[in-house]
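Notes follow once the structure below has been shown.
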Amino acid sequence: MSTEATPHIPGLSIASVERETGLSKDTLRVWERRYGFPTPERDANSERLYAPDQVQRLTQIKRLMDRGHRPGKLLALDDAALVALDAARPSVLAASNVPQLDSWMHLVKTHDSEAFQRQFYREMAKRGLAGFVQDIVAPLITLVGEAWSRNELGIFEEHLFSQHLEKMFRTVLANMSPQQGSPRVLLTTLSGEEHTMGLLMVEALMVVEDVCPVLLGPQTPIEEIVRAAQLKQVDAVCLSFSSAYSPTLSAQGLRDLRQMLPAGIELWAGGYGVKAIRKPIDGVCLMPEFKDLYDCLAKWRTEHGHEPVSASVISLPVTPK
């Protein structure tokens, strides 16, 4: 009787692992020396190659670090302990929202796009756009990302969910975005940050607050952000960072952009990835939570003699991916 060999799955390069996990190359090398993990193989050119199961474990560790756990402790845990720790719901999800979010997760897992669309518009009409983003969209994205990290959802399911949600958001916002308003805020992401849900959620909140968003799309080089900001005469540039983007790269990118932007143009940065930036950055308004966006708006309007923002108290983090 003949047997078939298990196909070999090629490993990822260190640059690919940095992109997939949000962990910098330097961090990966330090962990390898200090903790004995990860344990990459070497290719013919002696370059590191990381097996898929190690990349999955690194992604899980990064997610737990973003919740406040220390890497030294996490790297000492076995797979079962990591899974148990990752299974705990984040504290930002109110207990009263769990049944509601579970019903949404059921629609995601069953790929019921028609029911998902009906639920989307019904809940948005009930809660209003800002409340819908706060109560449903942000925590749902968190749950979907965590379900993916625990292999409860496949990558294609996570992508289907993201694409479907983005399509409906764009339909709604296309009919709402004002041509006037203040401040004028340019929305984009840095090169390498491809996740756009954070931008859409921020755009939704800005539209409700009579801000004029100037949409540049994702992955814009810094020089082009500066040029667009000047040509479009914006008052602020707002960047979105997902948890997959390296905190080291995001902090350096913000410092570089702040240095190149004219002094009169403010720089704001939001998204779940901003939570990993531990130190303030001169001249940058960091917005790890929705309420911080309202604070930035209120400060700008006060300084420029505009009516203050009548913001609701919103404390959930912007969590694209």
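The values are calculated or read from the model by the stated rules, or taken from the named source; none is laboratory data. All figures in this text were calculated on a predicted structure; none of them were measured in a lab. For neighbour counting, all protein chains shown are included, and Cβ atoms are generated from backbone atoms with ideal geometry for every residue, glycine included.
Checking the structure you have, find out if any residue of the range 173-185 is out of contact with any Ser or Thr (no Cβ under 8 Å at 6 or more places or on another chain), in a helix (DSSP H, G or I) and more than 30 Å from residue 252 (Cα to Cα). Walk me through how you get there before you give the answer.
Within the range 173-185, the subset out of contact with any Ser or Thr (no Cβ under 8 Å at 6 or more places or on another chain) is 173-185.
Filter again for in a helix (DSSP H, G or I), leaving 173-174.
Subsequent filtering for residues that are more than 30 Å from residue 252 (Cα to Cα) retains 173-174.
The answer is yes, given that some residue of the range 173-185 is out of contact with any Ser or Thr (no Cβ under 8 Å at 6 or more places or on another chain), in a helix (DSSP H, G or I) and more than 30 Å from residue 252 (Cα to Cα).
Each residue in the range 131-188 was checked for being of a type in the set (Ser, Thr, Tyr) and out of contact with any Pro (no Cβ under 7 Å at 6 or more places or on another chain), and 4 of them qualify. Screening the range 17-42 for residues that are acidic (Asp, Glu) and at pLDDT 90 or above and picking the one that is farthest from residue 54 (Cα to Cα) gives 26. Within the range 266-278, the presence of at least one residue that is more than 14 Å from residue 184 (Cα to Cα), surrounded by fewer than 24 Cβ atoms within 10 Å (Cβ to Cβ) and in contact (Cβ under 8 Å) with a residue 60 or more places away in the chain is confirmed. Just one of (1) touching a residue at least 40 places away in the same chain (Cβ under 8 Å); (2) assigned to a helix (DSSP H, G or I); (3) crowded, with 18+ Cβ neighbours inside 10 Å fails for residue 228. It is (3). Scoring residue 29 on the criteria (1) part of a helix (DSSP H, G or I); (2) surrounded by 15 or more Cβ atoms within 10 Å (Cβ to Cβ) leaves a single failure, condition (2). Looking across the range 138-167 at every residue that is over 18 Å from residue 244 (Cβ atoms) and surrounded by fewer than 16 Cβ atoms within 10 Å (Cβ to Cβ), the one that is modelled with the highest pLDDT is identified as 167.
Taking the numbered list (1) in contact (Cβ under 8 Å) with a residue 40 or more places away in the chain; (2) of a type outside the set (Lys, Arg); (3) not in a loop (DSSP other than H, G, I, E, B) in turn, residue 233 passes all entries but (3). The one condition from (1) within 20 Å of the chain's Cα centre (by Cα); (2) in contact (Cβ under 8 Å) with a residue 40 or more places away in the chain that residue 69 does not meet is (2).
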